[in-house]
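Asks: Below you will find the structure I want to go over with you.
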Amino acid sequence: MAKLKNLAQIFQKTIKFVIPDYQRGYSWETRHRNDLWDDIDNITGSKTHYTGMFTFSIDKDDPNKYYVVDGQQRMTTLVILINEILDHIKGPINGYETREDYIKDYLYKTHSTLPDNYVYKFEYEKGDPSHDYFITQIFRIRKSGADIQNTLYTRNLQNAKNEFAEKLKNKSQDELLTLLTKITTQLVFNEYIIDDDSEVYVTFETMNNRGKKLSTLELLKNRLIYLTTIYPETILPLTDAQCLRGTINDTWKAIYRLLGKNANKALGDDEFLKDHWIMYFRYDRKTSMVFKEDLLSRYFTAKKVFEKEEPLTPKAICEYVNSLAECIEIWYQIKCPNDNNLPEEEKVLLTRLERVGIGSFRPMLMAAYLKKGQNILKLLDACERFRFLIKHISERRSNTADSYFYGLAQDCYKGKITIDELIENVDAQTNRWFDFDNFVKACVDRYKNAEGFYSWGGLRYFLYEYERYLQMSNKMLCDWDIVFKHQQNQTSIEHIYPQTPSDTYWQQRFADDHLLNSLGNLLLLQLAKNIPLQNYDFDKKKTTIFDANNKIIFLGYDFGSYSEQIVSKKYQEWTPTQILQRGKDLLDFLVDHWGIDSSVLTTDNVDKILNNIQSSPTNANTANATIATPLPSLIYDDNDDEEDDEEDML
């Protein structure tokens with residue numbers, strides 16, 4: 001059995017470690033770092049703690065340059081921790097004359113003949129966004145011409161640095177020195193050095209068969225490269241095999257770059273692989289991970305390479321890898337439209353679709369974008385309309401027609417169907433599954449549960465779309481991220497007539513609370529501010545108050561979202577009449593915005609949707625009530641004199 005080594009032995013004086021650019025960037029989260037910290041903290045006396053394996057491949061041109069094939073997350077974390085400890089240590093370190101000598105062994109040293117005057121013991125490959133970030137932000141070394149990019153991976157690096165700095169800030173010098181000793185001499189590892197590049201992937205195959213956990217994307221890359229090593233040279237000559245391995249590595253480099261590009265949005269490699277698998281191969285809903293089984297146990301296997309009837313050819317591997325390379329760009333543009341140079345209208349539609357739940361449309365849209373055809377905007381609009389009307393109006397399950405749309409993705413990718421035909425098919429599915437009666441019944445049920453529209457899953461998206469409609473050419477005042485962030489505690493949705501109507505104003509105008517959660521009483525706020533508004537009367541809720549220095553001390557509807565401003569300007573009072581009238585306006589918007597036949601808004605349906613029912617003693621809040629008569633049903637009339645044009649209110 002190979003002898004275990006500690007970091008002091010692994011970090012020999014002449015060796016430097018490099019993270020290859022075709023690997024995933026730094027992905028450890030707080031929980032992983034806390035586990036490692038606890039392992040170190042629990043070491044007592046002179047005991048050692050086994051921490052895992054490092055696998056290295058040696059650069060052919062530089063025998064002192066070791067590529068970290070496996071264990072890069074752990075090594076990165078330990079280097080960051082050592083760097084932070086050394087930032088806190090002020091005096092000499094055992095076995096070293098100076099702190100700087102210690103830094104030379106584990107972090108970096110000066111070198112006058114190199115462009116930036118440093119040799120790094122640990123670094124990312126040049127060109128990787130994490131390379132310059134690690135040097136300048138983690139090591140805090142000035143580097144001329146540094147290209148600092150904020151990605152998900154660099155954010156994780158900074159989080160690690162900040163967390164360790166926080167853990168170390170109250171440590172004494174003796175505690176810091178003890179911690180450093182534990183890290184460098186008492187954590188022990190297996191070290192496995194690979195001389196031949198192809199052996200790396202054979203090794204991974206063996207490790208994975210023994211249960212080593214890697215992501216599906218990592219497993220697939222290793223599998224594909226492994227397969228290139230087992231073809232007879234008569235089928236795949238050595239130079240062609242090397243070229244194919246390079247193509248695979250370049251593709252994974254591009255995939256990892258885009259998966260980590262957006263610092264604020266974690267993108268899953270399994271999600272991308274599954275979407276591509278659906279489009280490229282097939283769809284099977286048998287299990288959530290059937291795509292992994294397909295890729296690793298059905299399509300890309302050593303057995304398939306040697307099959308006589310339909311063998312897996314190098315050409316098939318190359319075509320699949322090239323498709324991944326092409327599709328990751330499109331997939332990223334669909335997931336993060338605002339990070340791409342798309343037309344503004346296209347960004348808006350993709351963003352709307354992401355908000356309402358893009359679901360099964362992503363593989364189909366990926367195929368459509370590959371065709372570079374016309375009418376993408378119409379297709380995006382048709383997809384958004386299906387998703388909102390079927391899930392939130394018709395109250396269908398979120399996976400309705402998934403298999404059908406996945407089939408369309410494959411047909412489009414294979415050239416069997418045009419984008420115009422995709423649009424026709426999506427619209428046909430909308431017509432098939434749309435059922436406004438389900439919406440009416442669901443509204444009645446929610447009122448029976450005393451929840452009304454406040455518990456409607458489509459409320460935020462609907463009110464945000466209404467806000468966009470009111471926005472017109474003005475700057476958008478509401479931030480979707482704030483609206484979405486407060487989805488659980490509902491603080492971005494305001495009850496105009498409050499949930500606790502203790503003020504005399506409300507008690508005089510409402511006989512009971514049956515309209516509390518009616519659609520017209522719910523207002524999208526520009527900011528999560530309904531706690532300060534609380535149970536104030538309507539006049540106070542509407543009006544912003546300034547102090548003597550013209551500083552806002554109370555933010556009312558008149559300085560809020562466009563929806564707030566409309567309520568502030570249009571209504572002088574807030575009674576059941578206004579709630580029902582505003583609810584009617586919102587239903588008008590609903591049918592117009594999503595192309596619903598307005599005949600569904602019968603008087604009976606509208607009354608049920610808005611809960612325009614007669615007050616009864618069982619639900620009445622009679623304290624100081626002066627209005628107890630039911631309101632007449634709302635009759636839809638395009639010439640209603642009381643209905644103002646809301647666009648003119650802004």
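Asks: Filter the range 73-98 down to the residues that are among the charged types (D, E, K, R) and not in a loop (DSSP other than H, G, I, E, B), then identify the one that is farthest from Q173 (Cα to Cα).
Replies: Out of the qualifying residues, it is R74.
Asks: Among (1) assigned to a helix (DSSP H, G or I); (2) buried (at least 16 other Cβ atoms within 10 Å of the Cβ), where does L312 come up short?
Replies: (1)
Asks: Taking the options R355, R385, name whichever one is closer than 16 Å to N425 by Cα, in a helix (DSSP H, G or I) and open to solvent by 30 Å² or more (accessible area, probe 1.4 Å). Break it down into steps so the answer makes sense when it comes.
Replies: Details: R355 fails: closer than 16 Å to N425 by Cα.
None of the other options fit; the residue is R385.
Asks: Scan the range 261-285 residue by residue and report those that are surrounded by fewer than 18 Cβ atoms within 10 Å (Cβ to Cβ), of a type outside the set (A, V, I, L, M, F, W, C) and modelled with pLDDT under 90.
Replies: Of everything in the range 261-285, those that are surrounded by fewer than 18 Cβ atoms within 10 Å (Cβ to Cβ), of a type outside the set (A, V, I, L, M, F, W, C) and modelled with pLDDT under 90 turn out to be N264, K265, G268, D270, R282, D284, R285.
Asks: Go through the range 60-82 and count every residue that is in contact with a Lys or Arg (Cβ under 8 Å, 6 or more places away or on another chain) and open to solvent by 30 Å² or more (accessible area, probe 1.4 Å).
Replies: 2
Asks: Let me ask another. Scan the range 266-274 and tell me whether some residue there is free of Cβ contacts under 8 Å to residues at least 60 places away in the same chain and either among the aromatic types (F, W, Y) or assigned to a loop (DSSP other than H, G, I, E, B) (or both).
Replies: yes
Asks: Taking the conditions exactly as written (polar (S, T, N, Q) and surrounded by 17 or more Cβ atoms within 10 Å (Cβ to Cβ)), does T504 satisfy them or not?
Replies: no
Asks: How many residues does the range 141-177 contain that are open to solvent by 70 Å² or more (accessible area, probe 1.4 Å), without any contact (Cβ under 8 Å) to a residue 12 or more places away in the chain, within 24 Å of W37 (Cα to Cα) and more than 25 Å from the chain's Cα centre (by Cα)?
Replies: Within the range 141-177, residues that are open to solvent by 70 Å² or more (accessible area, probe 1.4 Å), without any contact (Cβ under 8 Å) to a residue 12 or more places away in the chain, within 24 Å of W37 (Cα to Cα) and more than 25 Å from the chain's Cα centre (by Cα) number 4.
Asks: OK, next. Only one of T629, T618, T602 is of a type in the set (S, T, Y), modelled with pLDDT of 95 or more, more than 22 Å from S492 (Cα to Cα) and out of contact with any Gly (no Cβ under 9 Å at 6 or more places or on another chain). Can you tell me which?
Replies: Answer to the selection: T602.
Asks: Further, regarding this structure: Which one of the conditions (1) modelled with pLDDT under 85; (2) in contact with a Ser or Thr (Cβ under 9 Å, 6 or more places away or on another chain) does T110 fail to meet, given that it meets all the rest?
Replies: Only one criterion is unmet by T110, namely (2).
Asks: For the range 322-351, name all the residues that are open to solvent by 20 Å² or more (accessible area, probe 1.4 Å) and over 21 Å from K261 (Cα atoms).
Replies: E345
Asks: Could you please find all residues in the range 557-578 being of a type in the set (S, T, Y), without any contact (Cβ under 8 Å) to a residue 60 or more places away in the chain and crowded, with 19+ Cβ neighbours inside 10 Å?
Replies: Selection gives Y557, S568, Y571.
Asks: Among the residues in the range 187-198, are any under 19 Å from T55 (Cα atoms), among the hydroxyl-bearing types (S, T, Y) and at pLDDT 80 or above?
Replies: Yes.
Asks: Could you please find all residues in the range 6-38 being over 28 Å from L217 (Cα atoms), open to solvent by 30 Å² or more (accessible area, probe 1.4 Å) and at pLDDT below 95?
Replies: Across the range 6-38, the qualifying residues are A8, Q9, Q12, K13, T14.
Asks: E319 passes all but one of (1) open to solvent by 50 Å² or more (accessible area, probe 1.4 Å); (2) touching a Lys or Arg at 6+ places or on another chain (Cβ under 9 Å); which number fails?
Replies: (2)
Asks: Right, another one. It is to be established whether one or more residues within the range 286-296 are at pLDDT below 90, assigned to a loop (DSSP other than H, G, I, E, B) and either charged (D, E, K, R) or buried (at least 18 other Cβ atoms within 10 Å of the Cβ) (or both).
Replies: yes
Asks: With the condition kept exactly as written, say whether any residue in the range 546-564 is over 30 Å from T603 (Cβ atoms), outside any helix (DSSP H, G or I) and of a type in the set (F, W, Y).
Replies: yes
Asks: Continuing with this model, one more query. Checking V305 against (1) open to solvent by 30 Å² or more (accessible area, probe 1.4 Å); (2) more than 26 Å from G260 (Cβ to Cβ): exactly one of these is not met. Which one?
Replies: (1)
Asks: Give me a count of the residues in the range 533-545 that are modelled with pLDDT under 85 and either small (G, A, S) or assigned to a helix (DSSP H, G or I) (or both).
Replies: 1
Asks: From (1) surrounded by 17 or more Cβ atoms within 10 Å (Cβ to Cβ); (2) of a type outside the set (G, A, S); (3) within 27 Å of I493 (Cβ to Cβ), pick out the condition that doesn't hold for V444.
Replies: Exception for V444: condition (1).
Asks: Take Y50 and decide whether it is in contact (Cβ under 8 Å) with a residue 40 or more places away in the chain and either open to solvent by 80 Å² or more (accessible area, probe 1.4 Å) or assigned to a helix (DSSP H, G or I) (or both).
Replies: yes
Asks: Does I85 qualify as being modelled with pLDDT of 90 or more and either surrounded by 12 or more Cβ atoms within 10 Å (Cβ to Cβ) or more than 35 Å from the chain's Cα centre (by Cα) (or both)?
Replies: Working: modelled with pLDDT of 90 or more: yes; either surrounded by 12 or more Cβ atoms within 10 Å (Cβ to Cβ) or more than 35 Å from the chain's Cα centre (by Cα) (or both): yes.
Yes.
Asks: Which number in (1) under 29 Å from K253 (Cα atoms); (2) not in a strand (DSSP E or B) marks the one condition that G45 misses?
Replies: (1)
Asks: Pull up the range 365-374, narrow it to residues that are of a type outside the set (A, V, I, L, M, F, W, C) and part of a helix (DSSP H, G or I), then point me to the one that is most open to solvent (accessible area, probe 1.4 Å).
Replies: First pass over the range 365-374, keeping only residues of a type outside the set (A, V, I, L, M, F, W, C): 369, 371-374.
Next, only the ones that are part of a helix (DSSP H, G or I) stay: 369, 371.
Numbers: Y369: 27, K371: 92 Å².
Looking at residues that are of a type outside the set (A, V, I, L, M, F, W, C) and part of a helix (DSSP H, G or I), I get K371.
Asks: Here is a further query. Considering only the range 374-395, state which residues are over 21 Å from Y283 (Cα atoms), at pLDDT 95 or above and not hydrophobic (A, V, I, L, M, F, W, C).
Replies: K378, D381, E384, R385, K391, H392, S394, E395
Asks: Moving to a separate point now. Just one of the numbered conditions (1) in a loop (DSSP other than H, G, I, E, B); (2) over 27 Å from Q410 (Cα atoms); (3) in contact (Cβ under 8 Å) with a residue 40 or more places away in the chain is not true of D240; which one?
Replies: Only one criterion in (1) in a loop (DSSP other than H, G, I, E, B); (2) over 27 Å from Q410 (Cα atoms); (3) in contact (Cβ under 8 Å) with a residue 40 or more places away in the chain is unmet by D240, namely (1).
Asks: Just to be sure before I move on: is R362 part of a helix (DSSP H, G or I) and touching a residue at least 40 places away in the same chain (Cβ under 8 Å) in the structure I sent?
Replies: Spelling it out, R362 is indeed part of a helix (DSSP H, G or I) and touching a residue at least 40 places away in the same chain (Cβ under 8 Å).
The values are calculated or read from the model by the stated rules, or taken from the named source; none is laboratory data. What you see is a predicted model; the values in this text were computed from it and never measured. Note that each Cβ is placed from the backbone with ideal geometry, even for glycine, and that neighbours are counted across all protein chains shown. Each accessible area value is taken on the protein alone, full model and side chains, heavy atoms only, with ligands, DNA and RNA left out. Shrake-Rupley method; radii C 1.70, N 1.55, O 1.52, S 1.80 Å.
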